[in-house]
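The values are calculated or read from the model by the stated rules, or taken from the named source; none is laboratory data. Because the structure is predicted, anything quoted here is derived from the model rather than measured. Glycine also receives a Cβ, built like all others from the backbone with ideal geometry; neighbour counts cover every protein chain displayed.
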Amino acid sequence: MKFSPETTLKTFSPTPRNIPVNTAIGIGDKQMALNKVNHYYNEGYRTFKFKVGLDRALEESILTSVCNKYPDISIRLDANRGWSLETALSILADWKQFNPEYCEEPVQGGIFEELSRIKTTTGVPVAADESVRDIGSARRLTEGKLADFLILKPSLIGNISDFLHICEMAQNSEIQVVVTTALESAIGRSWVYALASMIDNGLAMGLATGDLFEYDIADDSNLFKKGHLCFDSVMLNTIQPDSEKLKNLKSVWEFNI
Ligand SMILES: [Mg+2]
């Protein structure tokens, strides 16, 4: 709730630049997953995040095919806390072969100490997502160096000053930050883009989520080119609700009520 009013104060310094972005691939059907990778690869994306944690054999088969066909891409895994510690240790030791950049939230309960154990045992870097939502959790993760990456969703952290404070704590602990959206509309996403523009660490950010919407209040797809968000702070004033799209949304809501 604090996020929206505070963003209007514009107390931060968005930086015009091209920000590399990743795309998320759901793994439920092998052909669909491969088609999606192929589509985004041809669009210029080179970082792909795979949602895993449900079907080891299927996921491994898809990862094997993708890595064989596209040796130049970077793989990220997100288990959304789908594994027990034992399963995470077993699978990630195996999947080290795919050279994943990191695995987000490998274990049920997100036990912080287990994150660092997975990292040291399997050699796969770990990322905290659900486990970092406020200053307290960020302090625990950074002071203990329990994760290699923090996946920061500014809308869920709730305000800009805490977001910036967490970024600073991460930097002091040599932990990398990846800024991602949390399924905001195009207007909300534009402010996340602005915050992401301030973190220039060369990592792909999780910002290309507009195509997950069947209906949105504006279309920002033209900002994404060759796997990058072409960010310019001027765009903060140009992404406005489209009156036709708002009308469509209204009719969809009325139909579903
Ligand atoms: Mg995640």
**OP:** Taking the residues in region 176-199 that are away from the ligand (no atom under 16 Å from the Cβ) and of a type outside the set (G, A, S) as candidates, determine which candidate is farthest from I160 (Cα to Cα).
**Re:** I187
**OP:** List every residue pair whose Cβ atoms sit under 6 Å apart, with the two residues 6 or more apart in sequence or on different chains, where the first one lies in region 99-110 and is at negative phi and the second, anywhere, is away from the ligand (no atom under 13 Å from the Cβ) and in a strand (DSSP E or B).
**Re:** P100/I75; E101/S74; P106/W83; V107/W83
Original post:
How many of the residues making up region 81-93 are surrounded by fewer than 16 Cβ atoms within 10 Å (Cβ to Cβ) and either in contact (Cβ under 8 Å) with a residue 40 or more places away in the chain or aliphatic (A, V, I, L, M) (or both)?
Top reply: 1
**OP:** Could you tell me which numbered condition M1 fails, if it satisfies all but one of (1) modelled with pLDDT of 95 or more; (2) under 26 Å from I199 (Cβ atoms)?
**Re:** (1)
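Quick one: which helices (runs of 4 or more DSSP H) lie wholly within region 168-257 and hold at least 3 residues that are surrounded by 15 or more Cβ atoms within 10 Å (Cβ to Cβ) and at pLDDT 90 or above? Walk me through it before giving the result.
Working: elements: 186-196, 235-238, 243-256.
Once the helices (runs of 4 or more DSSP H) in region 168-257 are filtered for at least 3 residues that are surrounded by 15 or more Cβ atoms within 10 Å (Cβ to Cβ) and at pLDDT 90 or above, what remains is 186-196.
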**OP:** Please specify each residue of region 4-40 satisfying the condition of being among the aliphatic types (A, V, I, L, M), modelled with pLDDT under 90 and either surrounded by fewer than 15 Cβ atoms within 10 Å (Cβ to Cβ) or within 18 Å of V177 (Cβ to Cβ) (or both).
**Re:** L9
Subject >> Residue list for region 49-100, restricted to those being out of contact with any Lys or Arg (no Cβ under 9 Å at 6 or more places or on another chain), polar (S, T, N, Q) and either within 16 Å of the ligand (Cβ to nearest atom) or closer than 18 Å to A33 by Cβ (or both) >> reply: T64, N68
Original post:
Taking region 114-138, which residues are part of a helix (DSSP H, G or I) and either within 13 Å of the ligand (Cβ to nearest atom) or buried (at least 16 other Cβ atoms within 10 Å of the Cβ) (or both)?
Top reply: E114, L115, S116, R117, I118, K119, T122, S137, A138
Original post:
With (1) in contact with a strand residue (DSSP E or B) (Cβ under 9 Å, 6 or more places away or on another chain); (2) within 16 Å of the ligand (Cβ to nearest atom); (3) of a type in the set (S, T, Y) as the list, and T142 as the residue in question, which single condition is left unmet?
Top reply: (2)
**OP:** Considering only region 113-148, state which residues are among the hydroxyl-bearing types (S, T, Y) and either farther than 12 Å from S173 by Cβ or in contact with a Cys (Cβ under 6 Å, 6 or more places away or on another chain) (or both).
**Re:** S116, T120, T121, T122, S131, S137
Subject >> Checking S155 against (1) under 14 Å from the mean Cα position of the chain (by Cα); (2) free of Cβ contacts under 8 Å to residues at least 60 places away in the same chain, the condition it does not meet >> reply: (2)
**OP:** From I151, I160, grab the single residue that is within 25 Å of V107 (Cα to Cα) and either within 14 Å of the ligand (Cβ to nearest atom) or modelled with pLDDT under 95 (or both).
**Re:** I151
**OP:** Kindly establish whether G202 is under 19 Å from P100 (Cα atoms), more than 16 Å from the ligand (Cβ to nearest atom), in contact with a Gly (Cβ under 9 Å, 6 or more places away or on another chain) and not polar (S, T, N, Q).
**Re:** no
